[in-house]
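One structure is given below, encoded as structure tokens.
Just so it is clear, none of the values below were taken in a lab; they were calculated from the coordinates. These figures come from a predicted structure and were not determined experimentally. All Cβ positions, glycine included, derive from the backbone under ideal geometry; neighbour counts span all protein chains shown.
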Amino acid sequence: MLLEILRTFAWFGLIAFGGPAVHIALFQKFLVGEGKWVSRTEFMQMLALANLIPGPNSTETAMLLGHARGGMRGLVLAGIGFITPAALVTLGLVALYREFAHSPIVQGAFLGLRLAVMALVAQALMALLPDPRKESLTWMLAAFGLILAALGLPERSVVLLAGLVLTVGHSRHLLVLEPLSLFWFFLLVGSTLFGSGYVLVGLLGDMVRRGWLSSDQLLNAVSLGQFTPGPFLTTATAAGYLAAGVPGTILATLGIFLPSFILTALVARLVLRSRGNAALDSFLQGAAGAALGLMAWALWLLGKDTLSGIVELLLTLLALVLLQRKLPALVVLGIFALSGTLRAIIKFT
């Protein structure tokens with residue numbers, strides 16, 4: 001079982017391009033539902049918890065899934081499996097990125113991939129939303145979370161507020177760059193980073209102000225985090241390499257992910273010991289509903305950046321239809337990446 005956990009998340013770490021929303025969609029697709037690792041309700045609670053603690057949401061969700069499957073050892077192996085492939089790929093590509101990232105062929109492949117990814121996220125959202133006739137409250141909470149996110153409220157605040165609202169409602173019824181400095185910097189970032197990995201970009205700006213990186217180097221590190229699979233926080237891997245070579249890579253990666261392992265393990269223990277507590281169950285129900293709203297907001301942001309015309313919209317709908325007809329997600333992603341590459345080749349020639 002432990003080997004299965006490590007193998008599963010190492011696989012996710014290699015294929016999960018596109019950021020946290022895509023990672024969550026893949027987890028839902030392969031691990032959630034009858035006969036799989038967790039139920040939809042349990043998965044929704046995991047999403048809520050991941051939004052409430054510092055660190056990368058999708059990585060912490062992976063750890064909670066590993067914990068559900070194999071206890072504390074499963075939690076650690078899921079985190080290691082999900083993070084390590086992405087960090088290694090990032091390290092291998094950081095020196096080559098500038099030369100190849102802007103190639104029309106590469107850009108075409110990623111456009112096709114992004115269109116399929118949008119369909120995958122939409123499918124995951126539809127699968128997680130319950131029947132409105134049976135759980136109308138979850139739909140209202142999701143709409144509440146979507147509105148708050150659209151108004152600019154941070155993700156942590158959205159799920160915290162929704163959880164508290166439902167709890168109250170139910171309660172009526174119930175320097176010079178040195179190795180240690182670099183490690184400490186990323187440890188603090190990993191301990192205080194709430195919401196999605198994209199918040200990391202603003203925090204890493206401090207590396208430019210400290211003179212550790214140039215603005216161009218920071219931009220390359222962020223771009224590489226988008227380009228590689230797995231957690232977006234492997235941006236720290238690239239930033240550490242550009243600041244201090246391979247030792248910087250190791251220290252930055254350890255520093256930014258270590259708090260997630262510790263905090264997720266503590267939260268998992270707390271939830272297990274508190275199962276059946278009416279107040280906690282109410283809070284998690286509210287927070288989980290709001291998490292669906294945040295997922296819908298992430299889908300909107302993906303669409304706003306990717307759907308530049310009617311062709312892209314139609315292709316995304318086609319990908320959604322293929323997914324709904326049970327075509328494997330990896331097949332759909334591969335087809336669309338190849339289609340985008342061919343389109344770029346034809347256009348370029």
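Here are a few things to note about the model shown:
- Fewest-first sequence of TRP37, TRP139 by Cβ atoms within 10 Å of each Cβ: TRP139, TRP37
- In plain terms, the residue of ILE15, ILE83 with the fewest other Cβ atoms within 10 Å comes first and the most crowded comes last, giving ILE15, ILE83.
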